[in-house]
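One structure, as structure tokens, below. Some questions next.
The values are calculated or read from the model by the stated rules, or taken from the named source; none is laboratory data. Because the structure is predicted, anything quoted here is derived from the model rather than measured. Reconstructed Cβ throughout: ideal geometry from the backbone, glycine too, with neighbour counts over all protein chains shown.
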Amino acid sequence: MSKAAWFLLGLLLALPPAAAPGADAAGWRLGREPQAYILDNGLTVVLQRDQSAPITVAQLLVRGGDRDDPPGLSGLSYLAARLGLEITEQSSLQKLMDLGSSFSLSAGGDYSLVTIRSLSRHFDATLAVVAGMIREPLVSDLRVDGLKDLMRHLQKTEAENPVALMRKILAGSFYGAAAYGAARYGDEASLARIGRKEIQAFLRSHYVAGNMVAVVVSDLDEAAIRPVLARRLAGIAAGESPPSRPSLPRRPPQPDRAVARQTAQVLVSLTVQLPELNAGNFVLAALLETWLGKGIGSRLWGLRSRGGLAYGVNAELQPNREAMLLSVSLKTDVRRSAEAQAELERIVKEAVAGGSAAPELEAAKAYVRADFWRENETRERRAATLAFLEGTGLSYRLGGDFARLLDEVSLESFNGFLRTWLAPERWFTLRIGPVGEASQDQALK
């Protein structure tokens, strides 16, 4: 490690442990401690007060993502979620524009998430519009066909983005096409099979109150906002979560893969499957992600200064309810791709063999802690984090306990986790870029 990197690590270690703004002294360390309760129809609400601005953000989570797509119907969960946000009346769109409110959708492996943003004085009217759309989506052939065209466009966009394509290939390689590896935007065969019957069945089984969570961060006090939530979300049909699908079997390590793309750059990644998702493993995995490839002084940090050998160096944790993937990746010039890949593999092998020293681990903890506070400073990001924790089955309470659990990670437990799960024989190598005529990957076209 360079002298400059050690100096910066020293600065991190010299900083006192940070506390999140507004943290409660009793132990919750992510703003004011939220209140959780259940509406009469069974919908769970997680409510946090934040008086820093007169703005309300609500995250409406539906437990239904790629993992819930039935075999042969990949893209169904995304299509159903998008239909629930199709504005059926021009007057509703105009009303949201007049209120200065907005909403958006994000889809994942375990859930779909609708984000609603509004001035607090307009939250009641905004929620009335969006909840009404979700409660009574218009499932017409015309709208379904239009969304399928959109999904075909998103398929092409995904295939043209090396990082997005990497994530898709990794999910398919480790989980299979009938689980987290399902094509989020479907394919021609699955889109042809999905009709109104399949969409309506998915909506009836998943868009029920017992399968949903509302995470709300607002400056309004409970007395003001609880009646709004009860009134506007009461129309969502009561019902329990659908039965869980069988747990995913762990697949054996897959053969390394090269995917041909005519680009000026090559993306190289090494990926390993981590253990099942729980609070302890999630904190260890987040710490490992930073220690290995994120932030100042990480093991891959030096690759950035190797005479243009690599750029875009990164480590990425992809957590899902049943498993986690950890990838380290770099982008490099085509002419130096073999050299860059060899150097990436060498650094990772040496990191696993040597483990971490105590000062290095403490520096990684300091970086993770600071990054966690920074990422969750805004109410929208904080609400999204709490929703993610609920959607993956970890519980929103991990948001407030994260820093404490991080502090409790010992050097012995970290090095044991590192050596167990990052053993070289467990890595899967993926290369995306020009790789020669013999390596054309027909399956991804």
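Provide a single number: the residues in region 234-281 that are assigned by TED's automatic domain parsing to the domain that holds Ala342 and either among the hydroxyl-bearing types (Ser, Thr, Tyr) or outside any loop (DSSP other than H, G, I, E, B) (or both).
Final tally of qualifying residues: 18.
For region 209-218, does any single residue satisfy the condition of being free of Cβ contacts under 8 Å to residues at least 12 places away in the same chain and either in a helix (DSSP H, G or I) or not polar (S, T, N, Q) (or both)?
Initial filter on region 209-218 (free of Cβ contacts under 8 Å to residues at least 12 places away in the same chain): none.
The answer is no; no qualifying residue exists.
Conditions (1) within 30 Å of Leu105 (Cα to Cα); (2) small (Gly, Ala, Ser); (3) surrounded by fewer than 16 Cβ atoms within 10 Å (Cβ to Cβ); (4) out of contact with any Gly (no Cβ under 7 Å at 6 or more places or on another chain), marked per residue:
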| site | (1), (2), (3), (4) |
| --- | --- |
| Arg346 | no, no, yes, yes |
| Lys349 | no, no, yes, yes |
| Val352 | no, no, no, yes |
| Ser356 | no, yes, no, yes |
| Pro359 | no, no, yes, yes |
| Ala364 | no, yes, no, yes |
| Val368 | yes, no, no, yes |
| Arg381 | yes, no, yes, yes |
| Thr385 | yes, no, no, no |
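Tell me which residues, restricted to region 327-383, are polar (S, T, N, Q) and in contact with a helix residue (DSSP H, G or I) (Cβ under 9 Å, 6 or more places away or on another chain). Explain how you work it out, then say what you get.
If we filter region 327-383 for residues that are polar (S, T, N, Q), which is where we start, we get 327, 329, 332, 337, 341, 356, 376, 378.
Correct list: Ser327, Ser329, Thr332, Ser356, Asn376.
Do the conditions hold for Thr290, that is, is it in a helix (DSSP H, G or I), touching a residue at least 40 places away in the same chain (Cβ under 8 Å), buried (at least 19 other Cβ atoms within 10 Å of the Cβ) and touching a Phe, Trp or Tyr at 6+ places or on another chain (Cβ under 7 Å)? Spell out the reasoning first.
Numbers: in a helix (DSSP H, G or I): yes; touching a residue at least 40 places away in the same chain (Cβ under 8 Å): yes; buried (at least 19 other Cβ atoms within 10 Å of the Cβ): yes; touching a Phe, Trp or Tyr at 6+ places or on another chain (Cβ under 7 Å): yes.
Here the answer is yes, as Thr290 does meet what is asked.
Find the helices (runs of 4 or more DSSP H) located wholly in region 67-141 whose residues include 2 or more that are buried (at least 20 other Cβ atoms within 10 Å of the Cβ) and touching a residue at least 24 places away in the same chain (Cβ under 8 Å), and list them.
Values: elements: 76-83, 90-99, 123-135.
So the answer is 76-83, 123-135.
Determine whether Lys294 is more than 17 Å from Phe414 (Cα to Cα) and touching a strand residue (DSSP E or B) at 6+ places or on another chain (Cβ under 7 Å). Before the answer, list the steps.
Details: more than 17 Å from Phe414 (Cα to Cα): no; touching a strand residue (DSSP E or B) at 6+ places or on another chain (Cβ under 7 Å): yes.
Here the answer is no, as Lys294 does not meet what is asked.
Would you confirm whether any residue within region 16-25 is modelled with pLDDT of 95 or more and either more than 19 Å from Asp110 (Cα to Cα) or assigned to a loop (DSSP other than H, G, I, E, B) (or both)? Walk me through it before giving the result.
Within region 16-25, the first condition is being modelled with pLDDT of 95 or more, and the residues that meet it are none.
Within region 16-25, none of the residues are modelled with pLDDT of 95 or more and either more than 19 Å from Asp110 (Cα to Cα) or assigned to a loop (DSSP other than H, G, I, E, B) (or both).
So which residues in region 221-259 are loosely packed, with under 12 Cβ neighbours inside 10 Å, among the small types (Gly, Ala, Ser) and within 30 Å of Gln273 (Cα to Cα), if there are any at all?
Hits for region 221-259 are Ser244, Ser247.
I would also like to ask the following. For region 162-185, indicate whether the set of residues that are surrounded by fewer than 16 Cβ atoms within 10 Å (Cβ to Cβ), in a helix (DSSP H, G or I), at pLDDT 95 or above and not acidic (Asp, Glu) is non-empty.
no
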